[in-house]
Amino acid sequence: MVVKVYGKAQAVCPQRVMHCLMEKGVPFELVHVDIDTMEHKRPEFLQKQPFGQVPYIVDGDLELFESRAIVRYLAAKYADRGPNLLGRTPEERAKVEQWLDVEAINYNPWAFPIVFNLLVLPIRGLPANEAEAGAAVDKLNKVLEVYEKQLSKTKYLAGDEFTLADLTHIPATRYIVENCGLSHLLDDKKHVKAWWEDITARPAWKKLSSFVETGGSNYSP
Amino acid sequence: MGSVTVYGPPISTAVSRVLACLQEKDVDFKLVNVDMAKGQHKSPDYLKLQPFGQVPAFQDEHATLFESRAICRYICDKYANRGNQSLLGRSGGGPAERAQVEQWLEAESQSFNPPSSVLVFQLAFAPRMGLPQDPAAIELNQAKLARVLDVYERRLGESRFLAGDEFSLADLAHLPNAHHIFAARKDDMFASRKNVARWWEEISTRPSWKKVVDMYSAAPPA
């Protein structure tokens, strides 16, 4: 039975999960959730994801939500295939967890309002909160300055291998760089820029991008 | 063993999250205060431990770490055979069991923490620091937190703890913020929800949490 991912392909959090599945070469079916008509806030959906957010997955008997919990689960379950995304010792894993949490707690709170105000609201024809976006850009820049220092010491955030800690950054950052006119936030930082170019050149990320663009719903390696 | 050091003031919510985990795991530690009022958390020496200038930082003989929930996960992995051994799922439960804990730990960090952190600052720390409170921020975040607690109320009607039948890191992560909201006597939204109230009573009376709260009123370590 194939893993089912419930969400909208263009949304950041489902992309995190689909990218991870592609890195691991695990087949899945994307089941479209119609965010635009508020499907995710209706009772049937709330039975599965009580916060009314995407994605959730169904893997056999297991149902799981929160994209960062899902990718941790997938990386552990499929540890034997594809790249090692969680480190090999408790200390290596701790570094992965540390930078995963940095993304969740120090990076995402600024990345989200940037993408929401500068991409999502305009697409919906709704007015954006420019001040909120501007403040978030300044905060994100300061966070990226810390990333620059780290990435001058290690090739990837948690060490010398690509891990979940790098992966979870990609979907939102892609929108910031490609759709919000903010590529300079990364381009003016030598090591961040090199890291970004490296991780977005990964075949699985390219595959995910084209899957989203072509309206894919079934993936097999 | 005996080389665990935690840096930060114990009353910080993120610091006390780590202390609660160390107590649950029966792992000895040294606490080194960081005087945030004097800006110690932005000093060059501290930034070597925590480059974002936040508390806590953590060291043992193998690792230097930051981010309280990442530190907690490491403590559970590294000291797997000590103290409470089901904080990341029951042993032998595999990725699926741990995934339930991770799901609710992420729910805590993404849904519970943002509004409750604002309330903790507004209700517990701003008065202490002589800063004015912001009634609009309090009202907005109480409304957001109420919606989160509605989800918890349903969940805790199906399950004794958030991730299942055992107390886990997912429950533990909530202790610091909820404690301060209760201490500021703004706990109506917890008390008025039957299952949440039952859950809170159970988790907040654990001996390990009481030991952390006792540290709040002790003199800060040198």
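Label-to-label distance, residue B:36 versus residue A:200, with points set 7 angstrom from Cα along the beta-carbon direction: 3.5 nm. Amide H contacts for residue B:193 (H built 1.01 Å from N in the peptide plane; partners 5 or more residues away or on another chain; cut-off under 5 Å): none found. Distances between placed amide hydrogens fall under 5 Å for residue A:56 paired with A:6, all partners being 5 or more residues away or on another chain. Using the Karplus relation 6.51 cos²θ - 1.76 cosθ + 1.60 with θ = phi - 60°, the per-residue 3J(HN,Hα) values for the range B:110-115 come to 9, 10, 7, 4, x, x Hz, with x marking Gly and Pro. Under 28 Å of direct C-alpha separation, and excluding same-chain neighbours fewer than eight residues apart, residue B:38 reaches these lysines: A:139, A:142, A:149, B:30, B:48, B:211.
Using only the Cα atoms of the protein assembly as shown, construct the convex hull and provide its projected area averaged over every direction, in square nanometres to one decimal. Walk me through the numbers on the way to the answer.
Numbers: hull surface 83.3 nm².
Hull-based average projected area comes out at 20.8 nm².
Rg and Dmax, both from the Cα atoms of chain A and both in Å, are 17.1, 49.
Per residue of peptide A:104-116, the mean number of Cβ atoms on other chains within 10 Å of the residue Cβ is 2. Peptide A:73-81 has a mean shielding of 3, counted as Cβ atoms of other protein chains within 10 Å of each residue's Cβ. Couplings 3J(HN,Hα) for the range B:138-153, derived from phi with the Karplus relation 6.51 cos²θ - 1.76 cosθ + 1.60 (θ = phi - 60°), are 5, 5, 4, 7, 5, 5, 5, 5, 4, 5, 5, 5, 4, 5, 4, 4 Hz, where x marks Gly and Pro.
Over all alpha-carbon pairs in the range A:55-104, figure out the percentage whose distance exceeds 15 Å. Write down the numbers at each step before the final one.
Numbers: 617 of 1225 pairs.
More than 15 Å apart: 50 percent of the Cα pairs in the range A:55-104.
To the nearest 0.05, how large is the calculated FRET efficiency for residue B:85 and residue B:28 if R₀ is 22 Å and r is the Cβ-Cβ distance? With a Förster radius of 22 Å, E is 0.80.
Size of the range B:27-69: Rg and Dmax of its alpha carbons, in Å, are 10.6, 30. Our coupling estimate for the range A:46-62, obtained by passing each phi through the Karplus curve with A = 6.51, B = -1.76, C = 1.60 and θ = phi - 60°, is 5, 4, 9, 9, x, 8, x, 10, 10, x, 9, 10, 10, 10, x, 7, 8 Hz, Gly and Pro reported as x.
Round to a whole number: what % of the accessible area of the range A:83-221 belongs to carbon and sulfur, probe 1.4 Å? Walk me through the numbers before you get to the answer.
On the way: 3380 of 6310 Å².
C and S fraction of accessible area: 54 percent.
At a Cβ-Cβ separation cutoff of 4.7 angstrom, cysteine residues of the protein assembly as shown with no neighbouring cysteine are A:13, A:20, A:180, B:76. When accessible surface is computed with a 1.4 Å probe, chains A and B are found to bury approximately 2700 Å² between them, both chains counted. In the range B:13-97, inverting the average of 1/r over every pair of distinct C-alpha atoms gives 13.9 Å as the Kirkwood radius.
At a threshold of 8 angstrom on Cα-Cα distance, excluding pairs fewer than six apart, so keeping six or more, what relative contact order does the range A:11-144 reach in percent? List each step's numbers first, then the result.
Working: 100 pairs, mean separation 23.5, N = 134.
Here the relative contact order equals 18 percent.
Cα-Cα pairs above 17 Å in the range A:159-213: how many percent? Walk me through the intermediate numbers first.
Values: 537 of 1485 pairs.
Of all Cα-Cα distances in the range A:159-213, 36 percent exceed 17 Å.
With R₀ fixed at 41 Å, the C-beta to C-beta distance from residue B:137 to residue A:141 puts the FRET efficiency at about 0.95.
The values are calculated or read from the model by the stated rules, or taken from the named source; none is laboratory data. Source: prediction; values computed, not measured. Virtual Cβ from ideal backbone geometry, glycine too; neighbours counted across all protein chains shown. For accessibility, only protein heavy atoms count, side chains too; no ligands or nucleic acids. Shrake-Rupley method; radii C 1.70, N 1.55, O 1.52, S 1.80 Å.
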